[in-house]
Structure formats: structure tokens, C-alpha cells
1. Can you pull out the residues in region 115-136 that are surrounded by 11 or more Cβ atoms within 10 Å (Cβ to Cβ) and closer than 21 Å to residue 103 by Cβ?
2. If you take the residues in region 191-233 that are in a helix (DSSP H, G or I) and among the aromatic types (Phe, Trp, Tyr), which one is nearest to residue 163 (Cα to Cα)?
3. Within region 18-40, identify whether any single residue is part of a loop (DSSP other than H, G, I, E, B), surrounded by fewer than 13 Cβ atoms within 10 Å (Cβ to Cβ) and of a type in the set (Lys, Arg), and answer yes or no.
4. What do you reckon, is residue 64 touching a Cys at 6+ places or on another chain (Cβ under 9 Å), of a type in the set (D, E, K, R) and at pLDDT 95 or above?
5. Would you mind telling me which numbered condition in (1) part of a helix (DSSP H, G or I); (2) out of contact with any strand residue (DSSP E or B) (no Cβ under 8 Å at 6 or more places or on another chain); (3) within 15 Å of the ligand (Cβ to nearest atom); (4) not hydroxyl-bearing (Ser, Thr, Tyr) residue 66 fails?
6. Of all residues in region 137-173, which are within 16 Å of the ligand (Cβ to nearest atom), among the β-branched types (Val, Ile, Thr) and loosely packed, with under 13 Cβ neighbours inside 10 Å?
7. Quick check on my filter: what residues within region 174-190 are surrounded by fewer than 18 Cβ atoms within 10 Å (Cβ to Cβ) and assigned to a helix (DSSP H, G or I)?
8. Is it the case that region 203-212 has a residue that's closer than 17 Å to residue 95 by Cβ, modelled with pLDDT of 95 or more and away from the ligand (no atom under 16 Å from the Cβ)?
Amino acid sequence: MIDLYQFPPGLGVPNPSPFCLKLETFLKLAELDYRNHYGADLRNAPKGKMPYVSINKQVMGDSELIIETLLVSEAESLDSWLSGEEKAMAKAWCRLCNEHLYWALVYSRWYYPKGWQHIKQVFFKPLPPIIRPIVASLLRRKVKRDLWGQGLARHTQEEVWEIADKDLKAISDFLGNKPFMMGEKPSSADASVFGVLANICFAKPETPLTVKSHQYPNLARYCHNIMQTYYDQ
Ligand SMILES: N[C@@H](CCC(=O)N[C@@H](CS)C(=O)NCC(=O)O)C(=O)O
């Protein structure tokens, strides 16, 4: 049994954190037994971030390291049908989603004013009202610094949406009419792609990034399919 520690559901999606949604989706796709533990306390997280897991009392952080460990043990069959070339391609899609498109989503929530107005009401609600605005503004400052370091925040808003649009179009063109990224069957790449895409296509509030995603109906169709099959939603 795997104990999964992650942020709670929110914003109208099973998890507003693309990395938490990625790992839970992976566990579902691989049909592994797991128990959910929702919370926001990062003190026990080995990498100081969510999600993390405990497997046979061994605590492990980072969705990618966890997935790689499971892919050479209990979850081996999820990707074993892919050729070496397909695995290489799948890895590139994961990188695009986790290391690039993810940041556009972060920008749309923490930097873009309409996104921030919404998430600050939702994400910090559990905190006592007296400290809520202080914690919110300190965290926003940190995320804005991260976005500046990553580079996206150095662009104009319009440029950010255009940059993200290229990623969305690439995924849409590659996905075509297939039910899953790599073909008829799910693979671990779908965990990363769905984790970010479901947050862009379905999570509140609607931002220019959401609107961009609506230009590619197969992205919402893909997310709906995974949501229905694996989350019963
Ligand atoms: N490389 C990590 C990234 C995880 C990550 O960035 N998690 C975010 C939520 S989406 C987080 O916990 N942020 C808290 C923080 O940075 O303080 C993974 O794949 O698990």
C-alpha cells in the first residue's frame, strides 16, 4: 500500500497542483493501491514540495523520482509496451509539460491579476483571517521571484500566452484523435500531460491560458476521458 501525501482538491479539479494530479493519475493508470492524505504541511516532505509518498515506511519526494522507482517495480507494465523511441518521445512530452507549460499555468494563477484574485481567496482560506493576507503576499512574492528566475515573467502577458499556446498546439497536434498520448493505451506520459492540461482546461478561474486551450477541442476531450475513466467525474 502506498501512502500519498498531497494538497487537497480544489478549483474544480481533483488536484489544483499539476504535480499532485500527475502522481495520483499515475497510481490510477498503473492500478496501484494507495491511500490519500490531504494537507498543506510541507515540513515532512523530503524535497520541501508536494507530492510525496511513503512506501513500506520509506518516504520519498518528487513525482518523477517516485514514478521512475515504481516503473521498475510494481508499475512496470504501464510503459513496457513502448519502444525505446516511443519512451524517448514520451519523456520529451513530460518535460514540456512539467518544466515549461507548468510555468505558464503558475503565471496565470500567481502573476496574472485575475488569476491571483481568485486563487488568493481559495488557497489561503484555511488560514486564520489575521495572517491570511500576509502569508498570501509573501508566497506570491516568492512565486513571482521563481517566475522571474525561470524567465517567463520577463515577457509581456501577450507573449506568455503565445509561448504557452505553442505548447498546447504541439500537444494537440501530436495527440490527434488518439485516446492517450502514446496511442490506444495509457502510459506514464499521460500522468504528466493530464496533470497540467486538466488544470489549464478545467480549473477555475478562466484565464487567457484557458481560452487558448479551447482552440484545441481534442485537449478537453482527452482530459474528460481520463477524468471520467479514472476519477469518475
Ligand atoms: N519536481 C517536483 C515539483 C513539485 C512541485 O513543484 N510542487 C509544488 C506544487 S505544484 C509545491 O509543492 N510547491 C510548494 C513550494 O514550492 O513551496 C515534483 O515533480 O514533485
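1. 115, 116, 118, 119, 120, 122, 123, 136
2. Applying the filter and picking the extreme gives 194.
3. No, because not a single residue in region 18-40 is part of a loop (DSSP other than H, G, I, E, B), surrounded by fewer than 13 Cβ atoms within 10 Å (Cβ to Cβ) and of a type in the set (Lys, Arg).
4. yes
5. Looking at each condition in turn, residue 66 falls short on (2).
6. Matches in region 137-173: none.
7. Once the filter is applied, which keeps residues that are surrounded by fewer than 18 Cβ atoms within 10 Å (Cβ to Cβ) and assigned to a helix (DSSP H, G or I), region 174-190 yields only 174.
8. no
The values are calculated or read from the model by the stated rules, or taken from the named source; none is laboratory data. Nothing here was measured: the structure is a model prediction, and the numbers come from that model. We place every Cβ from the backbone using ideal geometry, glycine too, and count neighbours over all the protein chains shown.
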